[in-house]
Amino acid sequence: MKPIVRVKCIKHIYPDRTEVSVCGLDFSVIRGERVVILGPNGAGKTTLLFHILGLLSPTEGEIEVMGMVPHRDFKKLRRQIGVVFQNVDEQIIGPRVYDDIAFTPLNDGKSREEIDRLVRDISEELGIEELLDKIPHYLSGGQKKKVALAGALINRPEILIMDEPFDGLDPKSKQELIEYLNQLNRKKGMTLITTTHDIDLVPQIADTVYVLTDGNIVSKGSPLEVFSKIDVLKRANLEPPILMELFRRLSKRGYDMGIPINIDEAEKKIVQIIEGSD
C-alpha cells in the first residue's frame with residue numbers, strides 16, 4: 001500500500017542557525033496503521049512531528065502527507081490531521097471547555113447547530129459532557145488531555161498525531177485512553193502516530209515502532225522485532241518493556257517460552273508451563 005505519510009532525511013535550520021535533522025531509515029506510515037516513535041529527549045521526535053504537521057518546513061529532504069507537502073498545503077491538511085501536543089495547556093485556548101472544543105468547526109464556518117451537535121457528540125464519546133461549562137484552567141491533567149483530544153477529533157480527521165499523550169495520567173486513565181485510541185483505529189480506521197516515553201505501553205498501541213537517536217532513525221519494525229534488538233535500544237538509552245525483559249531472562253535460564261508482547265500473552269505462557277509441570 002502507498003504510504004499516506006512519507007519522510008526522507010529532512011533537515012531544518014532554526015532562526016538562530018541551529019540545525020536539526022532526522023535521517024537514517026525512511027519514515028513511512030500506511031493508512032490505518034498505529035505507529036509509535038521512541039527516542040530520548042533531543043532525538044528529533046518533535047521535529048519529525050512538526051514537519052508532518054506542516055509547522056516546520058525542511059531545508060533539505062522530502063516529506064509528503066496524503067499526497068501533499070505539509071507546510072505548503074497546511075490549510076488543506078489541517079482538516080485531515082488532529083493533534084494533541086505534549087503540553088496541552090498551550091493548546092487549550094477557549095474560555096470554557098465548550099468553546100475550546102468548538103474552535104475548529106467555528107473557524108471552518110459551520111453553523112451553530114452543527115457545531116453544537118459535533119461538540120455534544122465528541123464530548124459524550126469521551127465522557128466529558130459535564131465539563132463543557134467548566135473553565136479549562138481548573139481541570140485536572142487527565143481532564144485537560146481529554147479536552148485537547150476532543151478538539152483534535154471533532155472534525156473526525158484521518159490522522160491523529162499525539163506527542164507524549166500518557167504523560168501525567170494515572171494507570172486507569174492510561175488504560176482508558178489506550179482502549180479509546182485502539183477503538184478509533186479498529187472501528188474508524190484512523191491512523192495513529194504517537195511519541196511516548198512509556199515504553200511498557202508500546203506493545204498495546206503500536207503496529208510499527210521507530211527508534212530515533214541523535215537525529216537518526218536507527219530501527220523500524222513490530223514491537224517484538226524492535227525490542228529484541230537490545231544493543232540498538234541501549235544506544236538510544238532505552239530499555240525493552242519489562243515483560244519482554246523478564247521472559248528474555250527466563251529464556252537464558254532455560255525456560256524458553258517465547259517473548260510475549262502483552263500481559264495476556266504472558267499469562268498464557270506461564271499457565272502453560274505450570275500446567276505442563278503438574
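With each run of n ≥ 4 DSSP H residues scored as -39500 (n - 2.57), what mean residue ellipticity at 222 nm is computed for the chain after dividing by its residue count and rounding to the nearest 500 deg cm²/dmol? Spell out each step's value before the answer.
On the way: 11 runs with 111 residues, N = 278.
It comes out at -12000 deg cm²/dmol, rounded to the nearest 500.
Can you pull the semi-axes for the stretch 183-278, root of five times each eigenvalue of the Cα gyration tensor, sorted largest first, whole Å? Numbers along the way, then the final one.
Details: eigenvalues 144, 75, 15 Å².
Semi-axes from the Cα gyration tensor: 27, 19, 9 Å.
Of the beta bridges DSSP finds with both residues in the chain, what % are antiparallel, to the nearest 5? Please report the intermediate quantities before stating the final value.
Numbers: 18 of 37 bridges.
Percentage antiparallel, nearest 5: 50.
Are there GluC sites (Glu not before Pro) in the stretch 184-278 that DSSP marks as loop and that have at most 15 other Cβ atoms within 10 Å, and which are they? Kindly include the intermediate steps, with their values, before the conclusion.
On the way: sites: GLU225, GLU245, GLU265, GLU267, GLU275; in loops: none.
Passing both the DSSP loop test and the Cβ count: no residue.
I need SER28, SER219 ordered by Cβ neighbour count within 10 Å, fewest first. Don't skip to the answer; put the middle values down first.
Details: SER28 18, SER219 22.
Going from sparsest to densest Cβ surroundings: SER28, SER219.
Can you give me the P(r) profile for the stretch 62-109? Cα pairs, bins 5 angstrom wide beginning at 0, each as a whole percent.
Once binned at 5 Å, the Cα pair distances of the stretch 62-109 give 4, 17, 22, 21, 19, 11, 5, 1.
Under the Kirkwood approximation applied to all pairs of distinct alpha-carbon atoms, what is the hydrodynamic radius of the stretch 123-254 in Å? It would help to have the intermediate numbers written out before the result.
Values: mean 1/r = 0.0600 Å⁻¹.
Computed over Cα pairs of the stretch 123-254, the Kirkwood hydrodynamic radius comes out at 16.7 Å.
Arrange ILE10, ILE93 by Cβ neighbour counts within 10 Å, fewest through most, would you?
On the way: ILE10 24, ILE93 11.
Taking fewest neighbouring Cβ atoms as first place, the list is ILE93, ILE10.
Would you order HIS137, HIS71, HIS51, HIS12 from fewest to most other beta-carbon atoms within 10 Å of each residue's own beta-carbon? Each step should come with its number before you reach the end.
Working: HIS137 9, HIS71 16, HIS51 24, HIS12 19.
Ranking HIS137, HIS71, HIS51, HIS12 by Cβ neighbours within 10 Å, fewest first, gives HIS137, HIS71, HIS12, HIS51.
Treat the chain as a sphere of radius equal to its Kirkwood radius over Cα pairs and apply Stokes-Einstein at 10 °C in a medium of 1.306 mPa s; give the translational diffusion coefficient in µm²/s, rounded to a whole number. Walk me through the numbers on the way to the answer.
Values: Rh = 20.2 Å.
Calculated translational D: 79 µm²/s.
Kindly provide the pair-distance distribution of the stretch 93-156 built from C-alpha pairs, with 5 Å bins from 0 and whole-percent values in order of increasing distance.
With a bin width of 5 Å, the distribution comes to 4, 21, 36, 25, 11, 3, 0.
The numbers here are math on the coordinates, done by the rules we state, and not lab data. Bear in mind that the values here come from a model prediction, so they are computed numbers and not experimental data. Don't worry about glycine lacking a Cβ; one is built from the backbone with ideal geometry, like all the others, and counts go over all protein chains shown.
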